Amino acid sequence: MIKHDVVIVGSGLAGMRAALEMCKDLDVAILSKVYPSRSHSGAAQGGIAAALGNSEPDSWEEHLYDTVKGGDFLNDQDAVEEYVKAAPDVIYELEHFGCVFSRTPDGKIAQRSFGGHSKPRACFSADRTGHTILHALHEQLLKHSKSIKIYSEWYMHSLILDGDRCNGVVVSDIRTGAVEVMQARAVIFATGGYGRVFNITSNAFAGTADGVMAAFRAGIPLEDAEFVQYHPSGLYRQGILFSEAARGEGGYLLNGEGDRFMEQYAPARMELAPRDIVARAAQSEMDAGRGVDGKDIIHLDLRHLGEARIMERLPQIRQLGIDFIGVDCVKDPLPIQPTAHYSMGGIPTDKTGHVITDEQGTRVNGFFAAGECACVSVHGANRLGTNSLLDAVVFGELAGRSALAYVNTVGHAKVNESHEKTKVLEQFENIFQQNGSESYNDIRDEMKTVMTENCGVFRDEDRLKVCIDTIQKLRERYERGKVTDKGKVFNSEIYEIIELGNMLGMAEIIATAALARQESRGGHFRTDYPKRDDENFLKHSLTYPKDGELEIKYKPVVITKHQPAERTY
Amino acid sequence: MATFRIKRYNPEKQPEPYYEEFQLDIPQGATLLDCMNQIKWTLDGSFTYRMSCRSAICGSCAVKANGHALLACQRQASHLVKNGDTIVLEPLGNMKPIKDLVVDFKPFWDKIDKIKPYLQPKTRAPEKERLQSPEQFKRIDDSSTCIMCGSCYSDCNVLEVNDKFLGPAALAKAQRFVEDSRDGKTHERVKELSKPGGIWDCTHCAECVERCPKPARPFDRIKEVMTVALEERVTNNTGARHAISFTKSIKSSGRLNENTLPVESVGYFNVKGLFDLLPVGLRMLFKGKIPPILHKSIDDVDDVKRIFMEADKE
Ligand SMILES: Cc1cc2nc3c(=O)[nH]c(=O)nc-3n(C[C@H](O)[C@H](O)[C@H](O)COP(=O)(O)OP(=O)(O)OC[C@H]3O[C@@H](n4cnc5c(N)ncnc54)[C@H](O)[C@@H]3O)c2cc1C
Ligand code: SF4
Ligand code: SF4
Ligand code: FES
């Protein structure tokens, strides 16, 4: 049995920041199924929000209001307040770590505009902000390598819970296939989002819901699972992201007729309205037959920005266009479509990063979560761009601090090693022995397609029922799948199969929670209930496992400063 | 129909690697990674490689295609088809294969570790951000784009014969700190980097620049570190001495005079590469701005002399 004070699962911004918070005092392990610097945080392009006021006066109060309005008033405002207040110091600290930021002429951190933010608030490093922050944190991790043990290319399978206390995780070494129990006084999940359940997505192959489903299987509910953000500018058919920074820098969205159609949907903010609104506008244009060449294509037009500005501010986006579709955005518009991008929902936590299980805020002792896998909820029904890198760093730090305080009060609890290990070994064995005839690849493809088509930008009761029904059948077929590779060394096939199992579970939870929410709010839009319904649905959903079925409960939203108002842009 | 000729290796099954061929219709617009996934998901589930972001930013998917390292997710497969119909896929070089196209990155990371890859600030942290001008940012902009994919490391010739060489990625990462206006250890860093295994072991072949999928372009960064090393007068080593006598030799004759170069100097067999270094030596000798004409080719002694006179004036 491996033993540490704290085990962190996930090494994106949230996980690494948590590790740095504790490494001076504790023996910390950080575990990731990809090498830490390959985590998906690195893909974030546009920026990280903080009211620094480096290019225009700004305040945390405005950041708070923008965030709450952007989230369609489903955010817990007490948590948002702490989060936006913490933002500036968090950015300065990243800068002190050595993070490479673009600069203003007078040497300060440069800031630019982003959708839904009323001020230029996005601190950035050209168009690779996530990458530079991830690497700056990784550098700090290497600096403290004596007190942080990195388990790179290790996979977390399950959470060890004993009553209301968390005592570790069961993991395996991808390189050798060896299953191990990791005993810990506290566990932090920072496992990221789960966009991979959709066909068109901006997420990495690693975004497969492992963390949230491990929590769910241990009996912990998932909060606001129905809220998935679709980003307006995914590369046509691939979903790879062209950052909103492209619009922040002044890019236009054009339909097949060459019109800047945002004029019809958000005349005041145009292309810089929040993502849910822009994504719906784009989808509506395509659904009405006004896509480019009659296809599901919208044009992102940057030509008027000129080569110099594109090269200075958006070089990577230009390169992506050239490499992936042979379009140079200096000369031609980029073909885009909405892409599943961000999971607002996740493991419920309080504002200190403790995982909670109900309306009363009952804690699971020793279990913390931060970043995209968690739901605090600071983003409500729709996250504003640049707010999630901030979320990962702020709550990574807070979860680390809370875990540190908690660990100082408890010892290691007893863990039944062989019992915990056997459960995971059996899972491996079952897949190896199954000998079925179903192709896991087909199952995965069908899940993704049904999710994008029926649980995407626009939803309704019929489509969601089709979706749930299809997923349930796919789950049955999953039990009869056929595996080729039965080896132990770096068996990536078996891990993909386990991940598919997690995604099927998550897909069903998303669709079920979406069916229950009979209103439209933020990222969740029901064509059969097109209005927001504060009377009945100004509340967070909590989806629980119950005897193999799903049970949905709700908890109230924390409203402090801003009463829900109509959302216009 | 294209043929993917893939180097397979599975130590659990047989100790030696072998090649296996798969036939696949390359879908329109498919990247090499799309095709590899197609092979894995429909033809042979045991085919093994790394991948994650599929947008050229995580650095997982570097492999050798037709003998050269590249990011599988960044290349259109159809552009790689050679000899009518074949793409040859092999694991990255200079690292041990674990299974199929997955190699052991340990030596790569160990070398990154060696260059102290973190800011060692000059000053105590101020209340807000440390100031850094856009020009100072520009000096570390390119090196900070490195995604640690290992493509350069795979194809670096020196590493094939000298596994002590820190290699292009680690040296590019070093430039990121050497030239960071906020870092206080410039001198210590270039001193360390001038030791055997460091910057002067590079043979200037520029292969790493060809292979780098990002603007990091290691050899360009190595030249910058060399410049700083000479400016910091860290010259008590073979490589630096070599660069200096090379410059002197060119200055007097307009030609490379092999006799005046220290014979024991290691690694220099690439004259074109040495010409690249001219400005570095010059900067050291004259500590001034380099006339742009130096980047052009030098055919005439008088030209060279003129350049040096101009440099002298500055
Ligand atoms: C293309 C793109 C662009 C974006 N741009 C922006 C932006 O400009 N601004 C912004 O604020 N946000 C942006 N976002 C969102 C933001 O990047 C993410 O929400 C954030 O980085 C999540 O960080 P994280 O630390 O929670 O998780 P991640 O960085 O996703 O890390 C998850 C970690 O968990 C590990 N893991 C997962 N499952 C397991 C398992 N079973 N076992 C072991 N390890 C596991 C992974 O290996 C990884 O290390 C963008 C997102 C995408 C996809
Ligand atoms: S230029 Fe130097 S570092 Fe780059 S590949 Fe050649 S020898 Fe290696
Ligand atoms: S320098 Fe370029 S090739 Fe080398 S690891 Fe970095 S990104 Fe890859
Ligand atoms: S999959 Fe991330 S770089 Fe290719």
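The values are calculated or read from the model by the stated rules, or taken from the named source; none is laboratory data. These numbers were taken from a predicted model, which means no experiment stands behind them. Cβ atoms come from the backbone with ideal geometry, glycine included; neighbour counts cover every protein chain shown.
Here are a few things to note about the model shown:
- Qualifying residue in the stretch A:483-495 (condition: farther than 21 Å from A:Ala214 by Cα, touching a residue at least 40 places away in the same chain (Cβ under 8 Å) and touching a strand residue (DSSP E or B) at 6+ places or on another chain (Cβ under 6 Å)): yes
- For the stretch B:138-169, the set of residues classified as more than 16 Å from A:Ser125 (Cβ to Cβ), assigned to a helix (DSSP H, G or I) and more than 9 Å from ligand 3 (Cβ to nearest atom) consists of B:Asn157, B:Val158, B:Leu159, B:Glu160, B:Val161, listed by residue number.
- Filter result (more than 16 Å from ligand 2 (Cβ to nearest atom), crowded, with 20+ Cβ neighbours inside 10 Å and charged (D, E, K, R)) within the stretch B:36-68: B:Lys40, B:Arg50, B:Arg54
- Count of residues meeting criterion [of a type in the set (Asp, Glu), within 12 Å of ligand 3 (Cβ to nearest atom) and part of a loop (DSSP other than H, G, I, E, B)] in the stretch B:170-215: 0
- For the stretch B:6-27, the set of residues classified as out of contact with any strand residue (DSSP E or B) (no Cβ under 9 Å at 6 or more places or on another chain) and more than 10 Å from chain A (Cβ to nearest Cβ) consists of B:Gln14, B:Pro15, B:Glu16, B:Pro27, listed by residue number.
- Cβ-Cβ distances below 8 Å connect the following pairs, each with a first residue in the stretch A:337-350 that is in contact (Cβ under 8 Å) with a residue 12 or more places away in the chain and closer than 16 Å to A:Asp76 by Cα, a second residue that is among the basic types (Lys, Arg) and surrounded by fewer than 24 Cβ atoms within 10 Å (Cβ to Cβ), and a separation of six or more residues or different chains: A:Asp350/A:Arg363.
- Of all residues in the stretch A:366-373, one or more are in the same structural domain as A:Ala79 (by TED's automatic domain parsing), among the charged types (D, E, K, R), more than 30 Å from B:Gln28 (Cβ to Cβ) and crowded, with 24+ Cβ neighbours inside 10 Å.
- Single residue of A:Ala209, A:Ala178 found to be under 16 Å from A:Gly371 (Cβ atoms), at pLDDT 95 or above and outside the structural domain of A:Ile317 (by TED's automatic domain parsing): A:Ala209
- If you go through the stretch A:25-67 and pick out every residue that is away from ligand 3 (no atom under 16 Å from the Cβ), assigned to a helix (DSSP H, G or I) and charged (D, E, K, R), you end up with 3.
- Every residue from the stretch A:538-551 that is farther than 16 Å from A:Val212 by Cα, crowded, with 17+ Cβ neighbours inside 10 Å and either in contact with a strand residue (DSSP E or B) (Cβ under 7 Å, 6 or more places away or on another chain) or not assigned by TED's automatic domain parsing to the domain that holds A:Arg521 (or both): A:His540
- Residues that are of a type in the set (A, V, I, L, M, F, W, C) and not in a loop (DSSP other than H, G, I, E, B) within the stretch B:100-122 comprise B:Val102, B:Val103, B:Phe108, B:Trp109, B:Ile112, listed in sequence order.
- Odd one out for B:Ala125, checked against (1) part of a loop (DSSP other than H, G, I, E, B); (2) touching a helix residue (DSSP H, G or I) at 6+ places or on another chain (Cβ under 7 Å); (3) crowded, with 24+ Cβ neighbours inside 10 Å; (4) within 10 Å of another protein chain (Cβ to nearest Cβ): (3)
- Applying the set (1) crowded, with 24+ Cβ neighbours inside 10 Å; (2) farther than 30 Å from A:Thr568 by Cα; (3) within 14 Å of chain B (Cβ to nearest Cβ) to A:Phe189 leaves exactly one unmet item: (3).
- Any pair with Cβ under 6 angstrom, 6 or more apart, that starts in the stretch B:132-159 at a residue that is in the same structural domain as B:Asp201 (by TED's automatic domain parsing) and within 16 Å of ligand 1 (Cβ to nearest atom) and ends at one that is of a type in the set (Gly, Ala, Ser) and not in a loop (DSSP other than H, G, I, E, B): B:Met148/A:Ser37
- Number of residues in the stretch B:71-91 that are in contact with a Cys (Cβ under 9 Å, 6 or more places away or on another chain) and either within 16 Å of ligand 2 (Cβ to nearest atom) or of a type in the set (Ser, Thr, Tyr) (or both): the value is 0.
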